[in-house]
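K.L.:
Input: one structure, supplied below.
The values are calculated or read from the model by the stated rules, or taken from the named source; none is laboratory data. What you see is a predicted model; the values in this text were computed from it and never measured. So basically every Cβ, Gly included, is an ideal-geometry build from the backbone, and we count neighbours across all protein chains shown. Areas reflect the complete protein model, heavy atoms only, side chains present, ligands, DNA and RNA absent. Shrake-Rupley method; radii C 1.70, N 1.55, O 1.52, S 1.80 Å.
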Amino acid sequence: MMSDNGTKTMVDDSKPAKPPGFETLAIHAGASPDPSTGARNVPIYQSTAYVFDDVDHAASLFNLQTFGYIYSRIGNPTVSALEEKVAALENGRAAVATSTGHAAQMLAMYILMEPGANFVSSINLYGGSITQFTHTFKKFGWHCKFVDPADPENFRAAIDENTKALFLELLANPGGIIVDIEPIADIAREAGIPLIVDNTTATPYLVQPFDWGADIVIHSMTKFLGGHGNAMGGIVVESGRFDWGQNDKFPSLTQPDPAYHGLTFHETFGDFGFSTKGRAVALRDLGPTLAPMNAFLILTGIETLSLRMARHVENAQAVAEYLDAHPAVEWISYAGLKSSPYHKLAKKYLPKGAGSLFTFGLKGGYEAGIRLVESVELISHLANLGDTRTLILHPASTTHRQLTEEQRIAAGAGPDVVRISVGLETVDDIIADLDQALSHALAKAAE
Amino acid sequence: MEPLYYPDWQIRRILRDTDVIAMVGASTNWNRPSYFAMKYLQEKGFRIIPVNPRAEGEELLGETVYANLKDIPEPVEMVDIFQRSDRAPAVVDEAIEIGAKIVWMQLTVRHDEAAKKAEDAGLTVIMDRCPKIEFGRLSGELGWSGINTRVITSRRSKQIRAH
């Protein structure tokens, strides 16, 4: 056992002690007491900059030779407490927080991509990600090839000499689809490129993608991690296990960086070289920094992540079973139901529950779906997920609106699809609201 | 190879009680990892004596560079090996000869036979670790960069050395 004064205790320490449990990490990781004040909770360090001891100390910090804060665009004590906590919960090596989940995707890709390079992504993604990858990244000269993840070999077939990464959502938005990550991780490994997993909808409570071969995990912390619909945030976590030096595909990590006095990030920072590059260059030069106040709200949210997620999936299962039995429901896509084609994958990858985001369609199709989302009273009709509140929307007209009809259907967001993010209200009240909204939708259809 | 494990108390005790470290393979190039480690450890109150035959007699971060361990004219407590693993046995032999108490091999540096020889001679051996990263990890500073230190504590002070 570790002892603060460095003396040996009587505990057997010839081998590592059992690591702390998930709940312990959610509360304590990255969040030891403030050494200056003794403050037990992580303070909100609302400061833009940090004083140097002297010119030499400043130089050491700017050269990345010593650890410390310079300017909150690059690092802030409240934000770094959150970064360490999420890195610990994902069982990763290090993390860099960003202003939003979209910024996290941009930051990760900025490190990996070059103009003319590409990455291969599952088509089953949040619509906003599809748009970012298709149109906005193109302006940087980065190209995304979308594939149907149902057959992992589709990823292999799309890889070429300029491919820098594979990307997927394991529990895919808008819901109900689970991507079989393990064979896709093998394909990435054989190609010498990292597998990036957006773990927003599942959270590390339900699945830790590094256990299944992912190399980088991304989150929109705005969703279940923060969990209260009150703060935006994103994060990039690296496993520390990917060898960037195995080939010449990642010059940004393995070649001297002209944006950092010729420093070579992989060689100098080893298993946290990717994160260091993300902080020292990408955050510095692109600027999508997480605000300390948002970091504080998300930190507070994460402390109860395990309790919330357990109830989210419990409520989702009950709501899904209710909808599955409802005569007005044409189909439902929730991997927690035995009838789902993804039920087996859910048992394998998400044994604690298949998340609380899923889709369904009504017998009245598009018109009935629209009427349903407009008839709810307790449930909120808005574009978000992973709130304490139950949320509903019609993806084709909102989150997946910018896509073509063909893309929408491929992404599981066709015209009749309704998406629900089941919250933490009393489950009977969620079901009662759906019940009244469904009768309303049906009554109107009968008119 | 067996995974290496060193309890935190052992690393913490070494970093608390050691003052003079000879760094074999210290580079005079400011953007090399050994330079980073030397500068950081100096700031934390360690005396670092650089050893590098190619820079013999030069001054590095205020210290004179020696060609080998035996040339250092004062007692050395710990030898930090910043060289390829196959160079470890020769450095270990010298470390034993000059009476060092600890041999520390840097990240990716590991030589089990040399380690056994050092341990049989009564030295403590740490392999495949970086004293800068371990100091940063146990003092909490590594977490300032969002790195998972795996240290969970409700104690206020994580200070390792008296200043």
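K.L.:
All but one of (1) touching an Asp or Glu at 6+ places or on another chain (Cβ under 8 Å); (2) at positive phi hold for residue B:138; which doesn't?
P.N.:
Exception for residue B:138: condition (2).
K.L.:
Which condition number in (1) surrounded by fewer than 22 Cβ atoms within 10 Å (Cβ to Cβ); (2) farther than 24 Å from residue A:95 by Cβ; (3) within 14 Å of chain A (Cβ to nearest Cβ) is the one that residue B:68 fails?
P.N.:
So the condition that residue B:68 fails would be (3).
K.L.:
Does residue B:90 count as surrounded by 17 or more Cβ atoms within 10 Å (Cβ to Cβ) and at pLDDT 95 or above?
P.N.:
In short, no.
K.L.:
Now for a separate question. How many residues are among the aliphatic types (A, V, I, L, M) and within 19 Å of residue A:125 (Cβ to Cβ) if we restrict to segment A:331-387?
P.N.:
Residues flagged as among the aliphatic types (A, V, I, L, M) and within 19 Å of residue A:125 (Cβ to Cβ) within segment A:331-387 amount to 8.
K.L.:
Residue check, residue A:25 against (1) in a loop (DSSP other than H, G, I, E, B); (2) under 25 Å from the mean Cα position of the chain (by Cα), all met but one. Which one?
P.N.:
Every listed condition holds for residue A:25 apart from (1).
K.L.:
A further question on this structure: So which residues in segment B:1-28 are surrounded by fewer than 15 Cβ atoms within 10 Å (Cβ to Cβ) and either more than 14 Å from every other protein chain (Cβ to nearest Cβ) or closer than 16 Å to residue B:127 by Cβ (or both), if there are any at all?
P.N.:
Once the filter is applied, which keeps residues that are surrounded by fewer than 15 Cβ atoms within 10 Å (Cβ to Cβ) and either more than 14 Å from every other protein chain (Cβ to nearest Cβ) or closer than 16 Å to residue B:127 by Cβ (or both), segment B:1-28 yields B:1, B:2, B:3, B:4, B:5, B:19.
K.L.:
Yes or no: residue A:42 more than 12 Å from chain B (Cβ to nearest Cβ) and either over 19 Å from the mean Cα position of the chain (by Cα) or in a loop (DSSP other than H, G, I, E, B) (or both)?
P.N.:
no
K.L.:
Separate question: Given segment A:274-349, what helices (runs of 4 or more DSSP H) lie entirely inside it while holding 1 or more residues that are under 28 Å from residue A:137 (Cβ atoms)?
P.N.:
In segment A:274-349, the matching helices (runs of 4 or more DSSP H) lie at A:292-303, A:343-349.
K.L.:
Sort out which residues of segment A:66-92 are at the interface with chain B (Cβ under 9 Å from one of its Cβ atoms), under 16 Å from residue A:288 (Cα atoms) and of a type in the set (Val, Ile, Thr), and write them in order of number.
P.N.:
Result: A:79, single match.
K.L.:
Pick out the one residue from A:145, A:138 that is in contact (Cβ under 8 Å) with a residue 12 or more places away in the chain, outside the structural domain of residue A:338 (by TED's automatic domain parsing) and outside any loop (DSSP other than H, G, I, E, B).
P.N.:
Just one listed residue meets the conditions, A:145.
K.L.:
Separate question: Any residue in segment A:175-192 that is open to solvent by 10 Å² or more (accessible area, probe 1.4 Å), touching a strand residue (DSSP E or B) at 6+ places or on another chain (Cβ under 9 Å), over 25 Å from residue A:395 (Cβ atoms) and in a helix (DSSP H, G or I)?
P.N.:
Yes, segment A:175-192 contains at least one residue that is open to solvent by 10 Å² or more (accessible area, probe 1.4 Å), touching a strand residue (DSSP E or B) at 6+ places or on another chain (Cβ under 9 Å), over 25 Å from residue A:395 (Cβ atoms) and in a helix (DSSP H, G or I).
K.L.:
What tally of residues in segment A:238-274 results from selecting those that are open to solvent by 50 Å² or more (accessible area, probe 1.4 Å) and either facing chain B (nearest Cβ under 9 Å) or over 29 Å from residue A:212 (Cβ atoms) (or both)?
P.N.:
The qualifying residues number 6.
K.L.:
Can you say whether residue A:105 is crowded, with 22+ Cβ neighbours inside 10 Å and out of contact with any Gly (no Cβ under 7 Å at 6 or more places or on another chain), as far as the supplied structure shows?
P.N.:
Against the criterion (crowded, with 22+ Cβ neighbours inside 10 Å and out of contact with any Gly (no Cβ under 7 Å at 6 or more places or on another chain)), residue A:105 qualifies.
K.L.:
Which residues, counting only those in segment A:112-126, are crowded, with 24+ Cβ neighbours inside 10 Å and modelled with pLDDT of 95 or more?
P.N.:
Residues satisfying the conditions are A:119, A:120, A:121, A:122.
Residue-by-condition table, conditions (1) of a type in the set (S, T, N, Q); (2) within 28 Å of residue A:95 (Cβ to Cβ); (3) at the interface with another protein chain (Cβ under 7 Å from one of its Cβ atoms); (4) open to solvent by 30 Å² or more (accessible area, probe 1.4 Å):
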position: B:111; (1), (2), (3), (4): no, no, no, yes
position: B:117; (1), (2), (3), (4): no, no, no, yes
position: B:121; (1), (2), (3), (4): no, no, no, yes
position: B:131; (1), (2), (3), (4): no, yes, no, no
position: B:135; (1), (2), (3), (4): no, yes, no, no
position: B:143; (1), (2), (3), (4): no, yes, yes, no
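K.L.:
Also: Scan A:154, A:118, A:124, A:91 and give me the residue that is farther than 29 Å from residue A:358 by Cβ, polar (S, T, N, Q) and in the same structural domain as residue A:279 (by TED's automatic domain parsing).
P.N.:
Being farther than 29 Å from residue A:358 by Cβ, polar (S, T, N, Q) and in the same structural domain as residue A:279 (by TED's automatic domain parsing) holds for just one of A:154, A:118, A:124, A:91, which is A:118.
K.L.:
Please tell me if residue A:146 is under 20 Å from residue A:218 (Cβ atoms), open to solvent by less than 10 Å² (accessible area, probe 1.4 Å), of a type outside the set (D, E, K, R) and at pLDDT 95 or above.
P.N.:
no
K.L.:
So residue A:63 clears everything in (1) open to solvent by 20 Å² or more (accessible area, probe 1.4 Å); (2) within 30 Å of residue A:249 (Cβ to Cβ); (3) out of contact with any helix residue (DSSP H, G or I) (no Cβ under 7 Å at 6 or more places or on another chain); (4) more than 10 Å from chain B (Cβ to nearest Cβ) except one condition, right? Which one?
P.N.:
Checking residue A:63 against (1) open to solvent by 20 Å² or more (accessible area, probe 1.4 Å); (2) within 30 Å of residue A:249 (Cβ to Cβ); (3) out of contact with any helix residue (DSSP H, G or I) (no Cβ under 7 Å at 6 or more places or on another chain); (4) more than 10 Å from chain B (Cβ to nearest Cβ), the one that fails is (4).
K.L.:
Which residues, counting only those in segment A:398-426, are open to solvent by 30 Å² or more (accessible area, probe 1.4 Å) and out of contact with any Phe, Trp or Tyr (no Cβ under 9 Å at 6 or more places or on another chain)?
P.N.:
Listed by number, the residues that qualify are A:398, A:401, A:402, A:404, A:405, A:406, A:408, A:409, A:424, A:425, A:426.
K.L.:
Right, something else. Where the second residue is crowded, with 24+ Cβ neighbours inside 10 Å and among the polar types (S, T, N, Q) and the first is farther than 19 Å from residue A:145 by Cα and touching a residue at least 24 places away in the same chain (Cβ under 8 Å) and lies in segment A:168-191, which pairs have Cβ atoms under 6 Å and are six or more apart or on separate chains?
P.N.:
A:171/A:201; A:177/A:124
K.L.:
Do we have residue A:290 as assigned by TED's automatic domain parsing to the domain that holds residue A:67, in contact with a Gly (Cβ under 7 Å, 6 or more places away or on another chain), within 30 Å of residue A:358 (Cα to Cα) and open to solvent by 40 Å² or more (accessible area, probe 1.4 Å) here?
P.N.:
no
K.L.:
Given the condition at pLDDT below 95 and open to solvent by less than 10 Å² (accessible area, probe 1.4 Å), answer yes or no: does some residue in segment A:433-442 qualify?
P.N.:
Yes, segment A:433-442 contains at least one residue that is at pLDDT below 95 and open to solvent by less than 10 Å² (accessible area, probe 1.4 Å).
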